[in-house]
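Here is the structure we will look at.
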Amino acid sequence: MTVLGLPIETFAMVIATVLAGSLGMGHYLIVHKLMDKPFPGGDRTKPEEQAAGK
């Protein structure tokens, strides 16, 4: 049996990959962009501040 011309196992992997990517994108947008939290080991200075020597 196939779904959209793909074997069931392949289709399931495509769906799992899309869901995992969506979860990662949501985390990145909420935590790192909206809440402005740095990555582990990162600093909070913005590139403009680094260029200005702040």
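Cβ-Cβ under 6 Å, sequence separation 6+ or interchain: first residue in region 1-16 and surrounded by 10 or more Cβ atoms within 10 Å (Cβ to Cβ), partner of a type in the set (F, W, Y) and part of a helix (DSSP H, G or I). Which pairs? From region 1-16, the pairs are V3/F11. Pairs linking a residue in region 25-54 that is part of a loop (DSSP other than H, G, I, E, B) to a residue that is of a type in the set (D, E, K, R) and modelled with pLDDT of 70 or more, with Cβ atoms under 9 Å and 6 or more positions apart or on different chains, are R44/D36; R44/K37.
The values are calculated or read from the model by the stated rules, or taken from the named source; none is laboratory data. On a predicted model such as this, the values are computed, not experimentally measured, just so you know. Cβ coordinates were reconstructed from backbone atoms using ideal geometry, including for glycine residues, and neighbour counts include every protein chain displayed.
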